[in-house]
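What follows is calculated from the coordinates using simple rules that are stated; it is not laboratory data. Values in this document were obtained by computation on a predicted structure and should not be read as measured data. With ideal geometry, Cβ positions are generated from the backbone for all residues, glycine too; neighbour counts draw on all protein chains shown.
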Amino acid sequence: MDVAAARLIGAGIAVIALFGVGLGLGNLFSSLIKSISRNPSAKNDLMSTGMLCFALIESIALLAFVVAMIILFS
């Protein structure tokens, strides 16, 4: 197998994590909207927790992207 082909396959495998990130973000925001609609008085607490979870989930996406770029260009 050629080295360039192995890099492309490795980068493709590295970004599989983005599928899980998409599912996680969809689940997070659907739950956040449902929770706020059921209890609007708890909006401030829910939004702060939701944004913290959003940042943590998004960091996984950035990490997967950086790993894919390292595999491709090193």
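For a paramagnetic label modelled on residue 17 (point 7 Å from Cα along Cα→Cβ), amide N atoms under 18 Å away belong, within the range 29-56, to 53-56. In units of the compact-protein estimate 2.2 N^0.38 Å, the range 3-73 shows a Cα radius of gyration of 1.50. Counting only whole DSSP H helices of the chain, the ones at least 27 Å long by C-alpha along their axis and with mean Kyte-Doolittle hydropathy no lower than -1.0 are 17-38, 43-73. Across the range 13-39, the residues whose backbone nitrogen lies under 20 Å from the label position 7 Å along the beta-carbon direction of residue 49 are 24-39. When the helices of the chain are scored as -39500 (n - 2.57) per DSSP H run of n ≥ 4 and the total is divided over every residue, the value at 222 nm lands at -30500 deg cm²/dmol.
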